[in-house]
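Quick notes on the structure that follows.
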Amino acid sequence: MATVSVRLVRSGMNQLPVAKSVPYLVEEPITTTSSSQQGSTAIGPAGQAWYGLNWRITVTGGNVWVKFGANPTAAAGADHLILDGQTDDYELSGALEKIAVIDA
């Protein structure tokens, strides 16, 4: 069981993989289990507003698998593996994108 911190962040003006100091949207932490769970509030905005947004995912307490999409289901052994203590960034792929997580 891990805790996953999910944030949507906007890239800095220089477009390097650096987030602005204030998150675009902060998700409540998700406590993972052996079943896939979708985040409840962090979704990419509709229309063109998702351009320049990135997922910032921080994991504590265990390794997790992460999947993104319109209605994602995370699965062990597939998608993105994030190890305990890591923070990874992923660019949104489209509007209304969501996140799902599961224990590794």
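The values are calculated or read from the model by the stated rules, or taken from the named source; none is laboratory data. Since the model is a prediction, treat every value here as computed from it, not as a measurement. No Cβ is skipped: glycine too gets one built from the backbone with ideal geometry, and neighbour counts run over all protein chains shown.
Observations, loosely collected:
Let's see how each residue does on (1) among the charged types (D, E, K, R); (2) modelled with pLDDT under 95; (3) buried (at least 19 other Cβ atoms within 10 Å of the Cβ); (4) touching a Leu at 6+ places or on another chain (Cβ under 8 Å):
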position: A46; (1), (2), (3), (4): no, yes, no, yes
position: T58; (1), (2), (3), (4): no, yes, no, no
position: G62; (1), (2), (3), (4): no, no, no, no
position: P72; (1), (2), (3), (4): no, yes, no, no
position: L81; (1), (2), (3), (4): no, no, no, no
position: Q86; (1), (2), (3), (4): no, no, no, no
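- Scanning region 66-82 for residues that are under 12 Å from the mean Cα position of the chain (by Cα) and within 15 Å of I43 (Cα to Cα) yields V66, K67, F68, G69, P72.
- Among the strands (runs of 3 or more DSSP E) confined to region 50-104, the ones with at least 3 residues that are within 13 Å of S36 (Cβ to Cβ) are located at 64-69, 98-103.
- Within region 83-93, tally of residues that are over 10 Å from the mean Cα position of the chain (by Cα) and among the hydrophobic types (A, V, I, L, M, F, W, C): 1
- A100 vs. criteria touching a residue at least 60 places away in the same chain (Cβ under 8 Å), among the hydrophobic types (A, V, I, L, M, F, W, C) and buried (at least 16 other Cβ atoms within 10 Å of the Cβ): yes
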